[in-house]
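Structure record follows, encoded as structure tokens.
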Amino acid sequence: MSLLPYSLARPFLFGLDAETAHELTMQGLARLQGTPLEWAYCNGMVDDAIELAGLKLPNRVGLAAGLDKNARCIDGLGALGFGFVEVGTVTPKAQPGNPKPRMFRLPRANALINRLGFNNDGLDAFIANVKRSSFRQKGRVLGLNIGKNAATPIENATSDYLACLRGVYPHADYVTVNISSPNTSNLRSLQSDAALDGLLGAVASEREVLARGHGRRVPIFVKIAPDLDQAQVEVIAAALKRHGMDGVVATNTTIGRDAVKGLPHAEEAGGLSGAPVLQASNRVIGQLRAALGKGFPIVGVGGVMSAEDAVSKITAGADVVQIYTGLIYRGPDLVSQSARAIRRLRNPA
């Protein structure tokens, strides 16, 4: 448990607008990481090792992409007890994202809505930050999440993904291809049959070139949305296997609003995350597991607000889980609580 209880910090942070609180937190982590003051918030690592896609993870709870878009705080976030950390989404060129305000809390639903729109400092700055981190040098697992620029026409999206893949490849333990954010125009159309085949075919071919050049084969995961029916999930599952992808991250935020109707900010445009996504995410995880079979790696993310929620993702069919919005509402202790609960599920004694 961290020395500084999150219950003391949360009222202050929730007194600020959501994006200001986020930026303040990230600035603090960036300043404190690697210093003795890191001990004020760090958590011990729960030991529950697993090998996934050839990667050795110390436990089954990771950080989801989106919290640290520019890879500024890899070491600080890693100190919270995560078994693995994923940062990004990065795009080839820097972009400001959508106009503010673009993040909204829905506390009564334990939820967030964001329409950030892949705001980031671009690929070169992202890689420079990754290289400054000591996280991978300590044997920890780092995922780098890639996307397309908003200004790039959807028919040219593949070129952006390949540019990012080439840039991040030498510095990643795995790469996640994000085709499921609702905040970049038409991005989710890449989940359809023909578009997905084209993109994943190009990514697979480029990965083989990079693997030969760098002497190692970096696993590639694909991040999908919760707003898919069973037929769409089965199409995606078949494409993942056909193109030799190494795993799937299920899921991103939802555009659905049924669970938050009538609440302040409920009708804001953007992706809804937090507790309302749990059921839809777990449904997709279960459908993926049925379509992909026993051995295909699934990362479960969406709505983990408690240790019980983390366990529900494993029972739905995920191998490991990721947290983002739960960290905002519950604080760093959620990481170790979830990791211990998953370990107990596997070893009841």
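Listing for the model above:
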{"read-out": "Relative contact order of the chain, pairs being alpha-carbon contacts under 8 Å that are 6 or more residues apart, as %", "value": "17 percent"}
{"read-out": "Partner lysines for Lys69 [C-alpha distance under 20 Å; skip if fewer than 8 residues away on the same chain]", "value": "Lys93, Lys100, Lys131, Lys148, Lys223"}
{"read-out": "Kirkwood-Stokes translational diffusion coefficient of the stretch 260-304, alpha-carbon pairs, 37 °C, 0.692 mPa s, µm²/s", "value": "269 µm²/s"}
{"read-out": "Distance histogram for the stretch 217-349 (every C-alpha pair counted, 5 angstrom bins, percent rounded to whole numbers)", "value": "2, 11, 20, 21, 19, 15, 9, 3, 1, 0"}
{"read-out": "Beta bridges per DSSP with both ends in the chain, % antiparallel, nearest 5", "value": "30 percent"}
{"read-out": "Intensity falloff of the stretch 140-289 expressed as log10 I(q)/I(0), Debye formula with alpha-carbon point scatterers, at q = 0.09 Å⁻¹", "value": "-0.29"}
{"read-out": "Area projected by the alpha carbon convex hull of the stretch 107-202, averaged over all directions, nm²", "value": "8.0 nm²"}
{"read-out": "Inverse of mean 1/r across different Cα pairs in the stretch 45-106, Kirkwood, Å", "value": "13.7 Å"}
{"read-out": "From the C-alpha gyration tensor of the stretch 1-143, square roots of 5λ in Å", "value": "24, 21, 15"}
{"read-out": "Beta bridge orientation in the stretch 140-259: antiparallel %, DSSP, nearest 5", "value": "0 percent"}
{"read-out": "Aspartates and glutamates with Cα under 13 Å of Lys138, excluding same-chain neighbours fewer than 8 positions away", "value": "Asp75, Asp173"}
{"read-out": "Equivalent ellipsoid, the chain (semi-axes from 5 times Cα gyration tensor eigenvalues, Å)", "value": "27, 23, 22"}
{"read-out": "The stretch 221-247 versus the stretch 101-118: alpha-carbon centroid distance in Å", "value": "26 Å"}
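No value in this document is a laboratory result; all are computed from the given coordinates. Small disclaimer: the values here were computed from a predicted structure and weren't measured.
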